[in-house]
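No value in this document is a laboratory result; all are computed from the given coordinates. This one's a predicted model, so the numbers in the text were calculated from it and none came from an experiment. We place every Cβ from the backbone using ideal geometry, glycine too, and count neighbours over all the protein chains shown.
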Amino acid sequence: MKHKLLDILRRLLILLLVVWTVVSLVTLLTELVPGDPATAILGDQATPEAIEQFRHKHGLDRPAFFFSFSKDATTGARALRWHGADNRYIEYWRALLGGDMGNSFRTDRPVRELILTRYGATIQLALAALLVAVSIAIPLGVVAGMRRGTLVDNLLSVVALVGISVPSFVAGPFLIYIFAVWLGWLDPSGRFRWSSIILPAVTLGAALSALLTRMVRSSVIEEMGEDYVRTARAKGLSERKVVYKHVLKNGLIPVVTVLGLQLGVLLAGAIITEKIFNWPGIGLLLVDDGIGKRDYRLVQGCVLVISITYILANTLTDMVYRWLDPRIRVS
C-alpha cells in the first residue's frame, strides 16, 4: 500500500513538473516571436487607439515575466528591470489553477471551450486510426512470425517497410485521389458523416500498422522459442491456441509501449493528416487558429492539453503492462 501511494505521488509530481515546464517554455517562446499580436490580429489598418485598447484588454501592455530589459533612450544601454509578481506569467498561472485557460485573442471566446469543441474530433480520429492499425498489424505480424523466412514473411516485411517509409502527406492525397476523386466513394475532407473518417483514419492507421506489424513479428519469433510454448504443445493444444492465447499475450508487451506512445501522438492531434483532410481536431486548431493567427493564448491552451495527453497515455500504458504481466513493476 505504501509503495502504491509513493507511486501515485511520484506520478503526480511528474505531471506537475511537465505541465509547469511546458507552459513556461511556450510562454517564453511566444514572447520571443517577433511582431505584435495586436497588429497581426487587428490588421495594418487598425488605429493606434484600437491596438492600445486590444493590448490593454488582453494584458499585453503588462510585463511578460518577473523581469525585463529596458533600453535607455539616451545612452542605448540595456538595464534589468524587476517587476515582481505583477506580470502575465503569474496571472496566467493563477487563472489556470482556477480552471481558466483565458480567452482567445482573436475570437474572445474561452480557450477551454474552443479546445473542447475540437478535442472530440481528435479522439474519434485517434481511436479509429488505432483500430485500423491493430486490425492490420496483429494478424499480419502473427502470420509473418509463424512463417519466418518464407515468401509470405518476406512479402509482408516489404509491405511493412513501404508503409513506414511513405509519409502521411503523400499517402493522404493518394487516397483522396483514388477513393474520393476517381471512384467517388468517400468524402475527400471535412467531418460530415461517418464515412468522412475512413480516409484520415486509414492514412494514420496504415503507417502505424506497418511499424506494429514488424514488432508483432519480432515478438512472435522470440516467444516461439520459449519453454512454455513447448509445454503447451506437449499438452495437445492447437497451434492457434498456442499462438493467440500464450505467445501473443506475452509478446504484446513491447507492442503496448509503441501503442501507448502513438496513442499520445494521435490524441495530441495528427497535425499533417488533420490539415490534409480538413479534419476539425486540436491539431488543426493549433496550427490554423493558434499559430497561424498569432493567438498565443490559444497556443498555450492547446500545448497544455497536448502535454497532459502524453502523460495520461503513458500512464495508461503502464496499467496495461501490469495487466499483461503482473511481474512488471514501476522501479
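Were the residues from I291 through I178 laid out at 0.36 nm apart, the gain over their Cα-Cα distance would be 37.5 nm. Rounded to the nearest 500, the 222 nm mean residue ellipticity of the chain from helices alone is -20500 deg cm²/dmol, with -39,500 (n - 2.57) taken per DSSP H run of at least 4 residues. Taken about its Cα centre, the range 130-239 carries a charge dipole of roughly 120 debye when the Cβ of each Lys and Arg holds +1 and the Cβ of each Asp and Glu holds -1. When the chain is treated as a Gaussian network with alpha carbon springs shorter than 10 Å, the biggest mean-square fluctuation among E31, E49, E113 belongs to E49. In this structure, the amide hydrogen of N103, modeled 1.01 Å from its nitrogen in the peptide plane, lies closer than 5 angstrom to those of V111, counting only residues at least 5 positions away or on a different chain.
Cα centroid separation, the range 85-128 to the range 157-228: 32 Å. According to the calculation over all Cα-Cα pairs in the range 111-324, the P(r) per 10 Å bin from zero is 8, 29, 30, 21, 9, 3, 0 %. Under the convention that each Lys and Arg Cβ holds +1 and each Asp and Glu Cβ holds -1, the size of the dipole of the range 111-324 around its Cα centre is about 420 debye.
Under the definition of Cα pairs under 8 Å and six or more residues apart, what whole-number percent is the relative contact order of the chain?
Details: 390 pairs, mean separation 71.8, N = 331.
Dividing the mean separation by the residue count of the chain yields 22 percent.
Annotation: extensible slack from R94 through R11 equals 27.6 nm (criterion: 0.36 nm per residue apart, minus Cα-Cα distance).
Within the same chain, aspartates and glutamates fewer than 8 places from K235 are excluded, and of the rest, those with a Cα less than 16 Å from its Cα are E226, D227.
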